[in-house]
Amino acid sequence: MTSAPPVDRTELRRGLLAARRAFAATPAFQAAEHALRQSLLPLLEQLEPELLGVYWPLAGEFDPGPQACPRALPFARRDPAEMAFRRWDGAAPAAQDECGIATSTGAVAVPDVVLVPCVGFTREGFRLGYGGGYFDRWLAAHPGVTTIGLAWSGAETRFPVEAHDRALTLILTERELIAAD
């Protein structure tokens, strides 16, 4: 009996990011964004977040756009490696966190619902991010928060779950809503 070769997360991430860039350059990307947004809005209406954790989209990520509820953006610190959410007024961010991602200078707050960008995801609700572990550490410290991974359906993959990985509550793609097992 032969076993599958180990999954190199760095290589997997690199391939998924390349596929996402290629997808973002196609006409199907706008239709996928529209479909995901059409599914996200009623889901958020059902969840009724008091404070919604969102993210500033990077190239090829789904842009969650404006929401009707109060929002917060993540702020990542490199040393020590940690993340917190800061209240956000919706204006174009004038600040960047220590990872160079646009963020807010508002007060630190804990959202009750968080939208989490996914480079890749599994059917079991695990996500592959950019490799810094910021979201996983934050989620471990805030276990009662409802988390919605936002991903493109083409980013579904398989990888071995590691001790630090935290399952998300839901994964939403342009095609379906997946509840974590």
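For the range 19-26, the criterion of being open to solvent by 20 Å² or more (accessible area, probe 1.4 Å), at pLDDT 95 or above and under 16 Å from the mean Cα position of the chain (by Cα) is satisfied by at least one residue.
Among the residues of the range 35-60, which ones are part of a helix (DSSP H, G or I) and touching a residue at least 24 places away in the same chain (Cβ under 8 Å)? Scanning the range 35-60 gives ALA35, LEU36, ARG37, SER39, LEU40, LEU43, LEU44, LEU47.
The set of residues in the range 118-128 being surrounded by 17 or more Cβ atoms within 10 Å (Cβ to Cβ) and closer than 21 Å to ASP8 by Cβ consists of CYS118, VAL119, GLY120, PHE121, THR122, PHE126, ARG127, LEU128. Annotation: of all residues in the range 152-166 being of a type in the set (Gly, Ala, Ser) and closer than 10 Å to PHE121 by Cβ, the one that is surrounded by the most Cβ atoms within 10 Å (Cβ to Cβ) is ALA155.
Screening LEU73 with (1) part of a loop (DSSP other than H, G, I, E, B); (2) in contact with a Lys or Arg (Cβ under 7 Å, 6 or more places away or on another chain) gives one miss only, at (1).
I'm checking my understanding of the structure. Among residues of the range 146-181 that are hydroxyl-bearing (Ser, Thr, Tyr) and in a strand (DSSP E or B), which one is farthest from the chain's Cα centre (by Cα)?
Here is the first cut: in the range 146-181, the ones hydroxyl-bearing (Ser, Thr, Tyr) are 146-147, 153, 157, 169, 173.
Subset that is in a strand (DSSP E or B): 146-147.
Details: THR146: 12, THR147: 9 Å.
So the residue we want is THR146.
Considering only residues that are without any contact (Cβ under 8 Å) to a residue 60 or more places away in the chain and part of a helix (DSSP H, G or I), which ones fall in the range 10-30? Steps first, please.
Residues of the range 10-30 that are without any contact (Cβ under 8 Å) to a residue 60 or more places away in the chain, as a first pass: 11, 14-15, 18, 21-22, 24-30.
Once the filter is applied, which keeps residues that are without any contact (Cβ under 8 Å) to a residue 60 or more places away in the chain and part of a helix (DSSP H, G or I), the range 10-30 yields GLU11, ARG14, GLY15, ALA18, ARG21, ALA22, ALA24, ALA28, PHE29, GLN30.
Taking the criterion of being closer than 18 Å to LEU115 by Cβ and either surrounded by fewer than 13 Cβ atoms within 10 Å (Cβ to Cβ) or not hydroxyl-bearing (Ser, Thr, Tyr) (or both), the residues of the range 93-105 that qualify are PRO93, ASP97, CYS99, ILE101, ALA102. Looking across the range 102-116, the residues that are among the aliphatic types (A, V, I, L, M) and in contact with a Leu (Cβ under 7 Å, 6 or more places away or on another chain) come down to ALA109, VAL113, LEU115, VAL116. None of PRO111, PRO143 is open to solvent by less than 50 Å² (accessible area, probe 1.4 Å), part of a loop (DSSP other than H, G, I, E, B) and at negative phi except PRO111. Taking GLY149 as the residue in question, decide whether it is surrounded by fewer than 16 Cβ atoms within 10 Å (Cβ to Cβ) and closer than 17 Å to LEU58 by Cα. No: the conditions fail for GLY149.
Put simply, of ALA84, ALA59, ALA72, ALA76 the only residue that is open to solvent by less than 20 Å² (accessible area, probe 1.4 Å) and closer than 26 Å to ARG13 by Cα is ALA76. The set of residues in the range 27-38 being surrounded by 16 or more Cβ atoms within 10 Å (Cβ to Cβ) and farther than 13 Å from ALA59 by Cβ consists of ALA32, GLU33, LEU36. Here is a check on your reading of the model: is PRO64 touching a strand residue (DSSP E or B) at 6+ places or on another chain (Cβ under 9 Å), crowded, with 20+ Cβ neighbours inside 10 Å, at pLDDT below 95 and not in a strand (DSSP E or B)? Here the answer is yes, as PRO64 does meet what is asked.
The values are calculated or read from the model by the stated rules, or taken from the named source; none is laboratory data. Because the structure is predicted, anything quoted here is derived from the model rather than measured. All Cβ positions, even for glycine, are placed from backbone atoms using ideal geometry, and neighbour counts span all protein chains on display. These accessible areas exclude ligands, DNA and RNA; they are computed on the full protein's heavy atoms, side chains included. Shrake-Rupley method; radii C 1.70, N 1.55, O 1.52, S 1.80 Å.
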